[in-house]
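The values are calculated or read from the model by the stated rules, or taken from the named source; none is laboratory data. All values derive from a computational prediction rather than experimental measurement. With ideal geometry, Cβ positions are generated from the backbone for all residues, glycine too; neighbour counts draw on all protein chains shown.
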Amino acid sequence: MPRKNASRPSRKTARKSRQRKPPSNAAKKLRRGARPAAVLAVAIGPPPPGEGKRGEQGYLAYLLRQAQAAARLSLERALAEIGVTPPQFVVLTMLRAYPGLSGADLARVALLTPQTVGVIIRNLERDGAIRKAAHPVHRRMLRWTLTRKGEALLTRCRRHARALERRLAAGLSANAQVMVRRWLSKIATDLQE
C-alpha cells in the first residue's frame, strides 16, 4: 500500500482552504466604503488613448504599436466595404510596386508569414486578381503579377487608403510629414538586425 505524503493536504482540506480565502484588502475597503486611489483606478479603468502612459508620457514602442493598431483597424473597416483585408491590400500594393515577386519575397516585403502569404496568393489567384508565371531561370520558382482585375481592385483599395492617409497627416505640414516618414523608415532600418 503506497504511503501518503504527509506534507500534502488531503483533498477535503484543500477544498476547504480554497473556499475560505480571506478577502483582499481592497475588497475590505470597498465594503467599508473607502475609495483609495488604487481601488478607484482599477474600478475606472485605464485612460483613453492620448492620456497618461497611452499619451505623451508613454514609451515610444508602445505608442507606435497603439498608433499602428488604430490605423490598421480603421483601414480594416474601410476595406471591408469592398471585401479586402489589410494583408491582401499590402500584397496587391507590393506586387504593383515590385511585379514578379515570389511568394517568399512577398512575405518579406509585406511583413507577413509565408503561410499567410500562401493563403492570400491562393485567394487572389482564385479571384483573378493575380497570376503566376514561372521564373525564366529557376523554373520551379513562381513569380506573381497583378491582372487587370487586380489593378482595378487595388485602385478601389487605394481610395480608402488615401482617406486614411489624409486623416493620419491632418495637422502636419509637408515638412513634418517628410520628417515622420524618415523617422519611421529609420526605425525600420536601424532595428533590422
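Restricting attention to segment 59-75, does a residue exist that is in a loop (DSSP other than H, G, I, E, B), within 27 Å of Asp190 (Cβ to Cβ) and at pLDDT 95 or above? Looking for residues that are in a loop (DSSP other than H, G, I, E, B), within 27 Å of Asp190 (Cβ to Cβ) and at pLDDT 95 or above, one finds none in segment 59-75, hence no. Counting only residues that are more than 13 Å from Arg131 (Cα to Cα) and either exposed (fewer than 14 other Cβ atoms within 10 Å of the Cβ) or touching a strand residue (DSSP E or B) at 6+ places or on another chain (Cβ under 8 Å) (or both), segment 92-107 holds 5 of them. One residue alone among Thr155, Thr116, Thr189 is hydroxyl-bearing (Ser, Thr, Tyr), modelled with pLDDT under 95 and not in a loop (DSSP other than H, G, I, E, B), and that residue is Thr189.
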